[in-house]
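Engineer: Structure below; questions to follow.
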Amino acid sequence: MARKISFKQAINEAIAQEMGRDETVIAMGEDNVGGMGGDGEKDAWGGVLGVTKGLYGKYGDRIMDTPISESAFIGAAIGAAVCGLRPVAELMFVDFMGVCFDQIFNQAAKFRYMFGGKAVTPVVIRTMIGAGFRAAAQHSQCLYSLFTHIPGLKCVIPSSPYDAKGLLIQSIRDNDPVIFFEHKLLYGLESDVPEESYAIPFGEANVIREGDDVTIVAIGRMVHVAQQAADDLAKEGIQTEVIDPRTTSPLDVDTILDSVANTGRLVIVDESHPRCNVGTDIAALVGQKAFGDLKAPVTIVSAPHVPVPFSDSLEDLYIPSPARVKAVTKEVLEYSK
Amino acid sequence: MSDRIIPITMPKWGLSMQEGKVNRWLVSAGDPIQTGTEVVEVESDKIAGVIEAAHGGLLQRQVVKEGDVLPVGALLGVITESEIAESEIETFVNDFQSRFVPGATEEDQPAVAPEIVTVDGRHISYLRRGETGDPILLIHGFGGDKNNWLFNHEALAATHTVYALDLPGHGNSDKNIDDPTFSGFTKVLLGFAAALKLKEFHLVGHSLGGAISLSAALESPDRVKSVTVISSVGLGEEIDAEYLRGFVAANSRKELKDLTRRLFANEELVTRRLVDDLLRFKRLDGVRSALEAILSFLLEGDRQRTVLSQDIKNLRMPIRAIWGEKDRIIPASHATAIGKDVHILPSAGHSVQMEAANEVNRLLRF
């Protein structure tokens, strides 16, 4: 039976169900257990925003607290994965990932390839992304494009509780290293989620709504921004197709190309910094493969090329808004050669 | 409220329906209509259907426009027995609108919600509607679930106690199947009836559910009062094996959408939500292996392995067949195996109970 649960609960449930199904699944991260000296649930902090809360009570020693040393525990998680466990490591904010690039980029991502398929690295690194949390420049970025760039990594960016659960279960069952990006502003979002376990395959975009006039591809929380814009555009009689790629590596290019073949117009909404982001990547792919279908330039709505501001009003301006997406989409619709 | 003025309201098709879109009016204002005339086509988030006039007379007014989206229970139009003053209709409409509260009818009535019963250690989910008359059990087909009866369940419940269940491996029932044969499912079906203390009952089965119903009638003829098979498995060898295999293998909305369209004569009936729900079902742990197990029993090469046509000749209870003439999964010619009580509905496909719901509901008399 499906019932409404939050994005955060969906993630918790995915980990709990996979830990129940497969005893090689372990979870680890800063404050995932607690560290204050109490026992069991009482002490379980469940990570900085409480996503893993309650797991320690259920699975005890299979939930590990780690020191505040990302390079050490991400390395440990990758090593454990190579040795047969399926660790789900929580690295608080993606902004801190820089200290473990060697472990991720040069070790985890390369093992299967360099050992001729004889080694697998079934590790999941869960990490928070996104602005709007008033957490300033070092805790607010959307760095998924860095990881999408690296062959050997899989990159998952869910936008709904249903997708979060199914994609995280798939991530845990996958034999490759997966970086699982959780937008912190989505944690409270609720939707229908089945109680049973299910896996959503990677590389399968979700067409959120269908339309013939213009295509919007949006990533993560921007899916909701795009939907709001699409709702507004619908009031003016404009039918927007909204596509959520769900995974940027692998990327479901076909669904995007099919849509563009129909609409001839593409807007991409990506909250990350504008240079070399997922938006520019998709724009290039569409430019190369569907140039003949295009009736207007592919247009990207992104944040500006600056650090995420701490000032509330500036941060609000920084994040692509439904109004901006709507205005840009209308420009794309009105474009004529 | 005058007896001579009959409102047409937004129906509730299936548990999740909260609003519907008026696709098109099939009768113009002022036109005469009879009971059963198709008046207006409405689309829920899952599927489109037609509302028939419950009463003959005149369609006095189309209260809503094509394209309007309205909550369940909202006033769509007004039928009168004969010509009446415009002012009377105006009063009726104003009265209705001032009293109408969206969702209120749902809160007034006890919520209809699926229940679970344990049969041989397995959870079986079902939905019960209606309080009177002989029980009817509705059994869906391969890859379906109890929502396949969304247009029929409530109509039948007016005169019967109607149970729509999810077979093992389907819907919200447990997904493990130890015996994927007709007799394995028959055991579950008879166990389900026993668990709910139903001594005698009518069976209505669609597709695979039809073969299971016939098999249950053979197994337990004293308890089965009648069998209605709809586009049934088990009455001939031909079947669209490519569809069945494709359905099991399909992983994406696109693949599934193309396949699901084959179930209907009018492919436009297949909405995104219908395909999405199927995709969500197919992703659940255990579903794929359950469907594969059933398929390996159903098919021998590209044909149906088990044909019950000879066995059922000995059955004494009433048996009838309903089929869509344009069924692309199982040919309508298989219906003749049933004998005389055969109804082939033109311009309907395999899911005839959804596509020609009103006609099927009229045929389902017990």
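Read the figures in this text as sums done on the coordinates, not as results from a lab. Quantities reported herein were computed from a predicted structural model and do not represent experimental measurements. Cβ placement follows ideal geometry from the backbone for every residue including glycine, while neighbour counts extend to all protein chains displayed.
Engineer: Please compute the net charge surrounding residue B:233, taking Lys and Arg as +1 and Asp and Glu as -1 over other residues with Cβ under 12 Å from its Cβ.
Structural biologist: With Lys, Arg at +1 and Asp, Glu at -1, the net is -2.
Engineer: Sticking with this one: Taking a temperature of 20 °C and a viscosity of 1.002 mPa s, what whole-number D in µm²/s does Stokes-Einstein yield for the stretch B:285-366 with Rh from Kirkwood over alpha carbon pairs?
Structural biologist: Value of D from the Cα-based Kirkwood radius: 146 µm²/s.
Engineer: Can you give the convex hull volume per residue for the Cα atoms of chain B, as a whole number of Å³?
Structural biologist: 133 Å³
Engineer: With only alpha-carbon atoms in the gyration tensor, what are the semi-axes of the equivalent ellipsoid for the protein assembly as shown, in Å, largest first?
Structural biologist: One finds semi-axes of 48, 33, 24 Å for the protein assembly as shown.
Engineer: Within a 10 angstrom radius of the beta carbon, how do A:246, B:316 rank from fewest other beta carbons to most?
Structural biologist: With the fewest neighbours first, A:246, B:316 line up as B:316, A:246.
Engineer: Going by average Cβ neighbours within 10 Å, how do the peptides B:37-48, A:186-197 rank, with the highest at the top?
Structural biologist: Result, highest mean Cβ count within 10 Å first: B:37-48, A:186-197.
Engineer: Now for a separate question. In the structure displayed, which of A:289/B:282; B:282/B:326; A:165/A:235 lie more than 30 Å apart, Cα to Cα?
Structural biologist: A:289/B:282; A:165/A:235
Engineer: Between helix A:278-289 and chain A, what is the angle of the helix's C-alpha long axis to the longest principal axis, kept within 0 to 90° and rounded to the nearest 10?
Structural biologist: 50 degrees
Engineer: Amide H neighbours of residue B:345 under 5 Å, counting only residues 5+ apart in sequence or on other chains, H built in-plane at 1.01 Å?
Structural biologist: B:323, B:324, B:325
Engineer: So what's the stretch A:206-334 giving for Rg/Rh, alpha carbon basis, Kirkwood Rh from the mean inverse pair distance?
Structural biologist: Rounded to two decimals, Rg/Rh equals 0.95.
Engineer: Out of every Cα pair in chain A, what percent are spaced more than 32 Å from each other?
Structural biologist: Distances greater than 32 Å cover 29 percent of the Cα pairs.
Engineer: Using only Cα atoms, tell me the angle between helix B:208-219 and the longest principal axis of chain B; keep it within 0 to 90° and round to the nearest 10.
Structural biologist: 60 degrees
Engineer: Which of the aspartates and glutamates could be linked to residue B:21 by a straight reach, that is with a Cα gap under 15 Å, when you skip same-chain ones fewer than 8 residues away?
Structural biologist: Within reach: B:41, B:43, B:45, B:66, B:68, B:268.
Engineer: Apply the Karplus parameterisation 6.51 cos²θ - 1.76 cosθ + 1.60, with θ equal to phi minus 60°, to every residue of the stretch B:322-338 and state each ³J(HN,Hα) to the nearest whole Hz, in sequence, with x for glycine and proline.
Structural biologist: Taking θ as phi minus 60°, the curve returns 10, 9, x, 4, 9, 4, 9, 8, 10, x, 5, 4, 4, 4, 4, 4, 7 Hz for the stretch B:322-338.
Engineer: In deg cm²/dmol, rounded to 500, what helix-only [θ] at 222 nm does chain A give when every DSSP H run of at least 4 residues adds -39500 (n - 2.57) and the total is split over its residues?
Structural biologist: Roughly -10000 deg cm²/dmol at 222 nm, from the helical runs in chain A.
Engineer: Explain nothing, just compute: Karplus ³J(HN,Hα) = 6.51 cos²θ - 1.76 cosθ + 1.60, θ = phi - 60°, for every residue of the stretch B:232-237 in order, whole Hz, x for Gly and Pro.
Structural biologist: 8, 6, x, 10, x, 8
Engineer: Using only Cα atoms, find the angle between the long axis of helix B:86-99 and the longest principal axis of chain B, and express it within 0 to 90 degrees, rounded to the nearest 10.
Structural biologist: Tilt relative to chain B: about 60 degrees.
Engineer: Return the long-range amide H neighbours of residue B:73 (sequence gap of 5 or more, or a different chain), with a cut-off of under 5 Å between placed amide H atoms.
Structural biologist: Here B:10 satisfy the definition.
Engineer: I would also like to ask the following. Please report B:24, B:280, A:275 as a ranked list, fewest other C-beta atoms within 10 angstrom at the top and most at the bottom.
Structural biologist: A:275, B:24, B:280
Engineer: When DSSP assigns beta bridges and you keep just the ones with both residues in the protein assembly as shown, what percent turn out antiparallel, to the nearest 5?
Structural biologist: Taking every DSSP beta bridge with both residues in the protein assembly as shown, the antiparallel ones total about 45 percent.
Engineer: Also: Would you calculate, for chain B, the mean residue ellipticity at 222 nm contributed by helices, counting each DSSP H stretch of 4 or more residues as -39,500 (n - 2.57) and dividing by all residues, to the nearest 500?
Structural biologist: Calculated at 222 nm, the ellipticity per residue is -8000 deg cm²/dmol.
Engineer: Need one number: % antiparallel among DSSP beta bridges in the stretch A:2-194, to the nearest 5.
Structural biologist: Of all bridge pairs located within the stretch A:2-194, approximately 20 percent are antiparallel.
Engineer: If amide hydrogens are placed 1.01 Å from N in the peptide plane, which non-local residues have theirs closer than 5 Å to the one on residue A:126?
Structural biologist: For residue A:126, the qualifying residues are A:89, A:90, A:91, A:180.
Engineer: What is the average number of partner chain Cβ atoms found within 10 Å of a Cβ in B:172-178?
Structural biologist: 1
Engineer: Right, something else. Ordered by residue, what ³J(HN,Hα) values in Hz, to whole numbers, does the stretch A:133-141 give under the Karplus form 6.51 cos²θ - 1.76 cosθ + 1.60, where θ = phi - 60° and Gly and Pro are x?
Structural biologist: 9, 6, 10, 6, 5, 9, 9, 9, 7
Engineer: Reachable lysines from residue B:225, Cα under 19 Å, same-chain residues fewer than 8 places away excluded?
Structural biologist: B:187, B:197, B:199, B:313, B:340
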